[in-house]
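Values in this text are rule-based calculations from the coordinates and carry no lab data. Everything numeric in this text was worked out from a predicted model, so none of it was measured. Please note: Cβ atoms are built from the backbone with ideal geometry, for glycine as well, and neighbour counts cover all protein chains shown.
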Amino acid sequence: MDIVIQKLTHVYMEGTPFEQRALTGVDLRIPSGSFAAIIGATGSGKSTLIQHIAGLLKPSRGWLRIGNIEIGPDTRDSSRLRGKVGVVFQYPEHQLFEETVAKDIAFGPLNLGLSALEANRRVERAMEWVGLPRELASRSPFHLSGGQMRRAAVAGVLAMEPDILVLDEPTAGLDPVGRRQLLDRIAWLRRKRAMTVILVSHSMEEAARYADRLYILHRGRKVMEGLPADLFTMGDRLAKWGLEEPEAVRLVRCLNERLNPPLPESLLTVEDLEEAIVARWEEGKSP
Amino acid sequence: MEPIIQLDGVGFRYELPREGKSDWSLRGIRLTVHRGEHLAVMGPNGSGKSTLAKLLNGLLIPSEGCIVVDGLDTRDGKTLPAVRRKVGMVFQNPDNQIVGTTVKDDVAFGMENAGIPRKEMLERIREVLDRVGLNGLEASSPHHLSGGQKQRLAIAGVLAMRPEVVVFDEATSMLDPAGRKEVLQAMEELHRTGTTVIHITHSVREAFCAERVLILENGKIQWQGSPRELFLQSEEVCRWSLEVPLAVELKNRLRERGLPVRQDIVGTEELVETIWTLLSRN
Ligand SMILES: Nc1ncnc2c1ncn2[C@@H]1O[C@H](COP(=O)(O)OP(=O)(O)OP(=O)(O)O)[C@@H](O)[C@H]1O
Ligand SMILES: Nc1ncnc2c1ncn2[C@@H]1O[C@H](COP(=O)(O)OP(=O)(O)OP(=O)(O)O)[C@@H](O)[C@H]1O
Ligand SMILES: [Mg+2]
Ligand SMILES: [Mg+2]
């Protein structure tokens with residue numbers, strides 16, 4: 001299911017004195033099966049955009065199409081998206097509501113009409129995927145640590161096995177190993193199920209490591225899209241949009257200020273860096 | 001070094017709605033925080049960091065052991081308001097901390113509750129907004145601020161109470177890179193001017209700014225020392241669900257591949273220097 005967005009404008013509380021324009025004329029296309037990252041400074045419109053994809057907001061102007069479902073300003077019913085698009089919201093505590101962690105995670109699958117047995121199986125599997133210890137299944141989701149709460153919210157969405165998985169800052173508050181494991185798991189699920197993943201993140205390292213396509217928002221407009229290797233090596237322009245280079249890119253830049261010939265700029269992760277440096281070193285050893 | 005907070009044999013268990021008491025979320029904590037110190041607290045999810053933070057300002061009271069803040073025992077109900085004034089807290093979600101309809105009202109809120117006279121209040125508002133760099137925005141609605149500005153507003157509200165200690169519980173984790181930088185600068189400024197800063201974080205880059213790092217795991221203090229010492233022991237760091245800085249990870253990988261890179265490198269600059277030397281020599 002491709003996601004196509006055309007001239008999307010969203011104005012909160014339009015026509016009131018509190019009117020707030022959040023998106024202006026956004027055009028974009030996310031091909032089915034992509035791992036897309038949406039990045040941009042605070043208030044640039046990321047959460048507003050993905051709430052459209054989730055069918056929770058309607059465009060003020062313009063339209064979007066997900067598979068064969070089209071949503072415009074006059075669309076009455078966007079519930080057809082339910083079950084297809086799963087969203088992990090920015091603040092997970094707004095998403096949890098059941099009496100226990102297990103019931104909370106089972107809610108989505110049961111709502112999709114799955115049997116209690118199957119729902120149960122999915123709960124166990126999702127808890128394992130997000131690294132929640134089993135003994136927390138019977139705990140109230142409001143009596144968890146911050147990171148455990150976020151894991152529970154993510155598990156609830158993964159258990160629905162949506163075609164499109166939308167993640168708004170899914171790793172904020174997770175410990176670094178948990179972050180890595182969660183995103184590795186999501187990348188694996190995406191390959192296995194040909195799922196589309198849309199990640200909103202303030203971590204340039206995450207966007208660089210996992211995304212195959214990057215969309216940059218700035219003050220409600222899409223200012224750039226393309227491959228991470230191209231966008232993350234734009235230097236000063238990133239800062240203009242309130243972003244920064246991934247650490248690996250910064251390190252390469254420091255090295256290249258002195259190194260002749262320079263290393264390729266498109267090294268985005270520590271693995272890329274390792275390979276490039278080792279290759280150069282071995283080259284030098286055997287002239 | 002003069003102690004500002006002392007914990008002796010502190011343990012804590014939560015009250016659960018159905019099951020009664022939870023397991024120990026913290027156990028056997030002995031810790032002295034020094035006046036003016038910049039301490040980072042790290043550890044896996046659920047290891048007890050936020051519980052520790054809430055114990056420090058009396059939001060939670062130890063199930064066993066005791067905590068003394070600048071001479072005041074947090075178990076003593078009468079001194080709790082004083083403890084809360086001494087130890088301010090800044091949390092993760094900036095939106096949840098905003099109470100006022102303007103920036104100025106928001107800062108005033110805590111002081112009004114504490115009965116601080118109006119004249120003094122106005123002076124303090126000016127002073128703290130200046131310190132966090134929000135002067136000029138007094139009449140703005142907090143909801144129109146950026147994430148970094150909201151967090152600095154939360155810090156201003158805390159500073160207005162003239163706390164001795166400010167605890168940041170993942171206060172940067174929801175911010176964009178620019179916002180994170182703003183808050184870290186505000187934190188540095190506090191530390192420089194003598195306030196004790198306790199910073200709970202999952203970010204190694206942020207922990208690097210601290211003088212001492214404390215690692216919690218399973219409700220116990222597993223390790224403490226300087227950031228540099230911490231990142232030299234990569235294996236343990238991984239066991240504690242943390243990560244090492246990029247430069248350290250790259251160094252480890254290069255060493256494993258047989259490149260002659262010194263073991264004691266932790267900083268980016270040192271590593272860049274080393275790699276440059278290596279690659280230009282041959
Ligand atoms: N419910 C709302 N009512 C009115 N204005 C809103 C609402 N939600 C968001 N806005 C405004 O719309 C703009 C875009 O907000 P949005 O939440 O989409 O940004 P974001 O890129 O997700 O930011 P962050 O990185 O801080 O999460 C901002 O100016 C914001 O203040
Ligand atoms: N309100 C609560 N009721 C019951 N148990 C709780 C409550 N809050 C936290 N716990 C439990 O206490 C332990 C410590 O939690 P705490 O919130 O202190 O962890 P943390 O180190 O801050 O984790 P995180 O990195 O996820 O924020 C965890 O096992 C957690 O499940
Ligand atoms: Mg958002
Ligand atoms: Mg916590």
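General observations
- Amide H contacts for residue B:222 (H built 1.01 Å from N in the peptide plane; partners 5 or more residues away or on another chain; cut-off under 5 Å): B:215, B:216, B:217.
- Other-chain or far-sequence residues with amide H under 5 Å of residue A:10's (modelled H): A:22, A:23, A:24, A:25, A:60
- Net charge of Cβ neighbours under 11 Å - reference residue A:134; Lys, Arg +1; Asp, Glu -1: -2
- Cβ-derived FRET efficiency at R0 35 Å, residue B:239 paired with residue B:16, nearest 0.05: 0.75
- Between 0 and 90°, nearest 10: helix B:177-192 axis offset from chain B longest Cα axis: 70 degrees
- Residue mean of other protein chain beta carbons inside 10 Å, A:140-147: 5
- Estimated from the Cβ-Cβ distance and a Förster radius of 22 angstrom, the FRET efficiency linking residue A:282 and residue B:255 is about 0.90.
- Considering only B:159, B:175, B:246, the mean-square fluctuation computed in a Gaussian network model of chain B, springs between alpha carbons under 10 angstrom, is largest for B:246.
- Entry note, chain A: relative contact order of 21 percent, from Cα contacts under 8 Å with a spacing of 6+ residues.
- Note on residue B:78: lysines with a C-alpha under 18 Å away, same-chain residues under 8 apart excluded, are B:54, B:86.
- Under-5 Å amide H pairs with residue B:63, H placed in peptide plane, nonlocal only: B:11, B:12, B:13
- Shielding by partners - mean other protein chain Cβ count within 10 Å, residues of A:41-50: 3
- Computed on the range A:246-287, with alpha-carbon pairs under 8 angstrom and 6+ residues apart, the relative contact order is 37 percent.
- Modelled FRET efficiency - R0 51 Å, residue A:68 with residue B:277, Cβ distances, 0.05 increments: 0.30
- Calculated mean residue ellipticity, 222 nm, chain A: -11000 deg cm²/dmol, from DSSP H runs (n ≥ 4) at -39500 (n - 2.57) each, averaged per residue and rounded to 500.
- Axis angle, to the nearest 10 degrees, between helix B:103-113 and the longest C-alpha principal axis of chain B: 60 degrees.
- A simple rule links phi to the HN-Hα coupling: the Karplus curve 6.51 cos²θ - 1.76 cosθ + 1.60 with θ = phi - 60°, which for the range A:35-42 gives 10, 9, 10, 10, 10, x, 5, 3 Hz, with x for Gly and Pro.
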